[in-house]
Amino acid sequence: RKILSDSAHVNHFLQSTGVDVSFAIFSQIIEKFNKSKIKYSPLYIIHDAIILDVSQEGFEFAKSLSSEMFAVEKLDCKFPIKIDIIKE
């Protein structure tokens, strides 16, 4: 969506809120993996992405997360996530 503002305050607010949302959802994803007992290792967080090394058995579980909506209490709304799976 186009933001019609030249104010640095608006930009900082939007960027920091985006990071808050991302981290809240990353936390929920990690919690779901921990509860599932699937072997995984978090590798990187890059702004609005988390990179996980997931065991072969965890691929279907990881793909299933993209069909869920993740609640962010601070904003009182839910967000979808996109999962890209790269097999080696």
Tally, over the stretch 45-77, of residues that are closer than 19 Å to Glu31 by Cβ, open to solvent by 80 Å² or more (accessible area, probe 1.4 Å) and within 12 Å of the chain's Cα centre (by Cα): 3
Ile38 meets each of (1) open to solvent by 60 Å² or more (accessible area, probe 1.4 Å); (2) over 25 Å from Val19 (Cβ atoms) with one exception, condition (1)
For Phe26, the lone unmet condition from (1) touching a strand residue (DSSP E or B) at 6+ places or on another chain (Cβ under 8 Å); (2) open to solvent by 40 Å² or more (accessible area, probe 1.4 Å) is (2)
Being among the small types (Gly, Ala, Ser) and more than 20 Å from Gln15 (Cβ to Cβ) is the filter here; which residues of the stretch 45-88 pass it? Ser55, Gly58, Ala62, Ser64, Ser66, Ser67, Ala71
Among the residues of the stretch 1-10, is any surrounded by 14 or more Cβ atoms within 10 Å (Cβ to Cβ) and touching a helix residue (DSSP H, G or I) at 6+ places or on another chain (Cβ under 7 Å)? no
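Just checking, which of Lys32, Lys37 is basic (Lys, Arg) and touching a helix residue (DSSP H, G or I) at 6+ places or on another chain (Cβ under 9 Å)?
Of the residues listed, the single one that is basic (Lys, Arg) and touching a helix residue (DSSP H, G or I) at 6+ places or on another chain (Cβ under 9 Å) is Lys32.
The values are calculated or read from the model by the stated rules, or taken from the named source; none is laboratory data. Given the structure is predicted, the values throughout are model-derived calculations rather than measurements. When we count neighbours, we look across all protein chains shown, and the Cβ atoms used for this are built from the backbone with ideal geometry, even at glycine. All accessible areas refer to the heavy atoms of the entire protein, side chains included, with ligands and DNA or RNA removed. Shrake-Rupley method; radii C 1.70, N 1.55, O 1.52, S 1.80 Å.
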